[in-house]
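Note sheet for the following structure.
Values quoted throughout were computed directly from the atomic coordinates according to the rules given, and no laboratory measurement underlies them. Being a predicted model, the structure only gives us computed values, none of them experimental.
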Amino acid sequence: MFIDIGLLLAAQGVPAQSIMGSPLELANRGIIAEQFAGQQLLAAKPSYINPTLYYWQPPKSEGQAENDFLYESETRVYPIEVKSGTSGTIKSLHAYMTKKQSTEGIRISSAKPSLHELTAKMNRQEKAFQLINLPFYMINQIERIVHER
């Protein structure tokens, strides 16, 4: 995780001018969306907490799933998937939900804020869970949103 999107672009060899006028979902898709979400998740933590980011990846024998981030709030851990557009599969989130028996997950994307009741199905296991859809502009409110749940 870079401290700034500009440093990410420099490391990737992408001129900042090439994306300045483009919507987030059209410019280098996932890498910039994940960088932005990571920066905002770090900044969303209260100032007295040392900001850290985690991700989840099962053992290789269990597949290629990977959750972009794990967000801690009080005693709960929320898996987070970041999508650069308004849609996209969340198979990794489903894998986490069934493996960890979690009841809530978060998708950060360009879609409108919403709440959905879903059922994760992986390897003959099922787990009902709530999916919180957060648009990019609401990431800084994540602590308030999960705390009120």
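Annotations
- Helices that extend 20 Å or more along their long axis by alpha-carbon positions and average at least 0.0 on the Kyte-Doolittle scale are, among the DSSP H runs of the chain, 29-44.
- Across the cross-link table entries 91/112; 99/121; 83/127; 45/91, which are compared at the Cα atoms, the separations over 18 Å belong to 91/112; 83/127; 45/91.
- Fraction of alpha-carbon pairs over 24 Å apart in region 5-147 - percent: 33 percent
- Taking each DSSP H run with n ≥ 4 as -39500 (n - 2.57) and averaging over every residue of the chain yields -8000 deg cm²/dmol at 222 nm.
- Take every DSSP beta bridge whose two residues both sit in region 5-147; close to 65 percent of them are antiparallel.
- Our summary gives the chain a relative contact order of 18 percent, counting only alpha carbon pairs under 8 angstrom and 6 or more residues apart.
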